[in-house]
Amino acid sequence: MSGTMRLGWLVNRLRCMSVAEVGYRMRQAAATRMGRRMAGRTAPAPLPRALSLNVDGAPILAPQEIEALLLDADRICAGHVVLFAERRFDVGVPTAWNRDPETGVTGPAVYAGDIAITRREQVGDIKHVWELNRHLHLVRLAQAWTLSRDVRWLHALEQQLRSWLDQCPPLTGPNWTSSLELGIRLVNWSLVWQLAGGEASPLFAGESGQKLRADWLDSIHAHCRTIARHLSRHSSANNHLIGELAGLYVGASTWPCWKESGEWLDQARRELEREAVLQFSRDGVNREQAFAYHIFSSEFLFVAGLMGQATGGPFPRTYWAALQRALRFLRSVRDIGGHVPNVGDADDGCVFRLDASGMDRAAQLLALGDTVFGGAADRHPGVQWLLHALPGKRPDCDPHEVDTGWAFPDGGYFLFGNHFGEPSEIKGLLDCGPLGYLGIAAHGHADALSMSLSIAGEECLIDSGTYSYWQDQKWRDYFRGTSSHNTVRIDGLDQSVSGGRFMWLRKAHARIERMPTSPHEFDFRGSHGGYTRLPDPVRHARSVRFDGASNTLTVRDEVSARKAHKVEQFWHFAPELDVRLTSHGLSVRGKRFVLQMQVSGADLQLELVRGAENPPLGWSSRTYESKRPCEVLRITSVSSAVPIECRFTISFLH
């Protein structure tokens with residue numbers, strides 16, 4: 001980031017801060033400068049009372065799951081580690097912990113407060129560095145030991161931990177630059193600790209084992225102390241704060257070894273109880289308006305809650321009720337094929353990866369809820385491992401919580417369609433929620449009144465996703481911008497005004513004008529004022545009707561202004577579909593359905609765009625750092641008031 005760009009970012013960031021936050025940031029900057037003195041300082045001597053939950057044996061897993069886990073452990077020992085959802089990277093043997101495996105850039109071994117994480121020439125892509133150092137893959141080695149009792153896995157685990165502690169001393173290097181990353185590392189270290197046998201683990205046998213234990217505890221103390229001193233506050237108090245608190249709670253619970261441990265535990269518990277309520281709407285929607293972070297935050301809350309159950313300090317019913325509502329929303333928006341719409345930012349970040357594939361985190365989270373809240377058998381391997389490592393009683397929760405719903409007005413989403421949960425399911429999602437959470441709305445997208453649609457478990461109308469946080473600015477702007485969503489753009493401008501990669505300065509506010517009464521006889525109208533900022537203010541209103549009797553969806557967009565404006569309506573289709581323009585509109589064919597689309601309005605121009613790069617249009621990203629072309633129908637008009645109406649008729653193939 002150049003000096004001019006950096007100055008512009010700082011000005012924008014200040015515009016999003018309250019007076020109280022400015023004061024807090026100044027105090028944090030002073031604390032960071034003072035923290036330089038703490039770098040490399042040895043922790044107080046720990047008391048001999050680290051937690052051991054007596055985790056014996058191993059979960060009963062299918063043979064193919066065991067085989068896949070052990071194969072992954074072998075690959076990890078060879079230096080090949082899965083990062084993000086599915087990409088495997090060569091991280092070296094021994095692991096180069098401060099090197100970005102994507103670019104090859106190695107971050108400097110200097111005080112963490114002096115490192116600019118946005119400077120690619122200094123640290124590479126910091127997301128890759130952080131992802132490796134969350135140590136999800138070290139848990140895999142502990143799982144391999146638990147399953148086989150083969151000492152080579154303990155030796156591999158010892159080598160990994162030893163090399164990390166040597167390369168990443170407290171407060172030194174890029175792996176100490178984010179309190180959230182420290183929190184995730186503590187969660188996974190706790191899982192390693194329990195699965196490897198706790199305090200009595202053979203990992204700590206002999207002089208070298210005792211040295212490993214002592215150095216590890218020193219680092220754990222530094223992790224807890226750093227998190228407690230650098231919690232995300234004010235406009236940054238989003239999923240980062242939940243993750244930091246969860247890590248601090250798990251760390252203080254697993255290793256209550258120092259005089260500060262009780263204070264850390266009490267603070268983390270108290271604030272987690274509050275954030276579980278604050279960061280989720282009354283109907284269960286995570287307020288960041290990003291479904292991936294809905295799952296991410298829920299994973300943190302579950303781990304902390306299960307640790308409380310395991311250690312005899314259960315969280316209250318209100319905490320678990322927030323999680324129950326979060327799972328209800330997730331279960332509702334997930335289609336019969338297992339797809340969750342790509343609303344808002346997603347970076348494939350996860351708190352733990354315990355099953356062999358680690359791909360379907362929504363399924364894992366829902367299975368965890370079914371077991372913890374409903375008493376269902378824990379057949380999901382990831383759930384089996386988590387409850388094996390953190391055994392405890394079932395929490396106090398509401399047994400009458402409804403499984404699914406369709407209207408989430410407080411969170412800002414409505415479902416339309418019919419035959420939910422059946423093979424002939426039609427499930428659409430309408431977004432009438434806020435842009436994002438708190439002052440910067442960091443992970444929200446400019447997607448007011450956007451829609452998605454799946455038919456018979458196939459994605460049809462899609463949200464384009466995220467692609468990357470740190471690739472060229474044009475890609476970050478595109479994937480979070482209005483043209484990558486199924487809504488309307490005016491004069492080539494986004495509905496909301498960006499102030500940086502994780503910041504919005506002016507936010508479109510959507511509102512409900514007509515509330516639907518059912519998903520299968522759906523009749524909605526909403527609007528937003530994102531374009532009232534223009535010299536000639538423009539208001540966009542959208543009406544959405546779904547008739548379950550005829551499987552017909554009608555979308556009517558109206559703009560109102562004094563002068564004519566360029567109006568663009570976008571429809572993004574899943575890459576696998578066959579999409580063709582016809583003389584009457586558009587024909588879309590999937591494996592089990594055909595969708596016919598008719599468009600009406602004055603002086604409309606229809607064009608299919610696929611994989612355009614300058615400017616970007618027609619791209620889909622299902623996983624972080626990956627993108628592929630998809631068909632986008634762009635409908636363009638120049639108007640001050642003439643509506644555009646699209647009629648979608650759905651039929652099934654036999």
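Here, each number is a calculation from the coordinates, and none is a lab measurement. Worth saying up front: this structure is predicted, and the values here are computed from it rather than measured. Cβ placement follows ideal geometry from the backbone for every residue including glycine, while neighbour counts extend to all protein chains displayed.
Taking 0.36 nm per residue of sequence separation and removing the Cα-Cα distance, the ARG233/LEU653 pair yields an extension gain of 145.9 nm. The tail of the calculated P(r) for the range 141-216 beyond 14 Å holds 64 percent of all Cα-Cα pairs. For the range 478-555, the square roots a ≥ b ≥ c of the C-alpha gyration tensor eigenvalues yield an a/c of 1.5 or more together with a/b exceeding b/c, which makes the shape prolate. What is the Cα centroid distance between the range 292-324 and the range 403-455, reported in whole angstrom? So the separation of the two Cα centres works out to 24 Å.
If you average the alpha carbon positions of the range 88-112 and of the range 229-246, how far apart do those two centres end up, in angstrom? When both Cα centres are located, 26 Å separates them.
Computed from Cα positions, the angle between helix 361-374 and the longest principal axis of the chain comes to roughly 70 degrees.
How far, in degrees from 0 to 90, does helix 291-310 lean away from the longest principal axis of the Cα atoms of the chain, to the nearest 10? Result, in degrees: 30. Across the chain, the volume of the C-alpha convex hull divided among the residues equals 151 Å³ per residue. With a simple spin-label model that places each label point 7 Å from the Cα along the Cα-to-Cβ direction, the separation between VAL402 and LYS563 comes to 4.8 nm. Every pair of different Cα atoms in the range 407-652 enters the Kirkwood calculation, which places the hydrodynamic radius at 18.1 Å.
Under 5 Å between amide hydrogens, built in the peptide plane, is the criterion, and for TYR413 it picks out PHE408, CYS432 among residues at least 5 positions away or on other chains. Straightening the chain between SER550 and HIS520 buys 9.8 nm, computed as 0.36 nm per residue apart minus the Cα-Cα spacing.
Taking label points 7 Å from Cα along the Cα-to-Cβ direction, THR103 and SER640 give a separation of 5.0 nm.
Look at LEU301, LEU608 and count the other Cβ atoms within 10 Å of each Cβ; fewest to most, that gives LEU608, LEU301.
Our estimate of slack between ARG589 and ALA62, defined as 0.36 nm per intervening residue step minus the Cα-Cα distance, is 186.0 nm. Annotation: lysines with alpha-carbon distance below 16 angstrom to LYS474 (same-chain offsets under eight excluded): LYS627.
Taking Cα atoms, how many degrees apart are the long axis of helix 19-35 and the longest axis of the chain, rounded to 10 and kept between 0 and 90? For helix 19-35, the angle is close to 30 degrees.
Computed as a quarter of the hull surface, the mean projected area of the alpha carbon convex hull for the range 426-525 stands at 7.3 nm².
Computed from the Cα positions only, the extents of the range 524-631 along the three principal axes stand at 44, 41, 28 Å, in decreasing order.
Residues whose amide H comes within less than 5 Å of that of TRP255, counting only those at least five positions distant or on another chain, are LEU51 (H built at 1.01 Å from N in the peptide plane).
Label zone of ALA612 (point 7 Å out along Cα→Cβ, amide N under 19 Å): in the range 473-502 this covers 473-495.
Taking a cut-off of 13 Å between Cα atoms, list the aspartates and glutamates near LYS507, but don't count ones fewer than 8 places away on the same chain. Straight-line reach from LYS507, under 13 Å: ASP447, ASP494.
If N is the number of residues in the range 359-418, what value comes out of its Cα radius of gyration divided by 2.2 N^0.38 Å?
The value comes to 1.37.
Amide H to amide H, with H built 1.01 Å from N, PHE280 comes under 5 Å of ARG287, counting only residues 5 or more places away or on other chains.
How high is the FRET efficiency from ASP166 to GLU86, r the C-beta distance, R0 30 Å, rounded to 0.05? Efficiency at R0 = 30 Å is approximately 0.50. Residue order for PHE593, PHE479, fewest other beta carbons within 10 angstrom first, comes to PHE593, PHE479. The LEU534 and LEU71 beta-carbon pair, evaluated with R₀ = 45 Å, returns a calculated FRET efficiency of approximately 0.20. Straight-line reach from LYS259: taking Cα to Cα under 26 Å and skipping same-chain neighbours fewer than 8 places apart, the lysines in range are LYS211.
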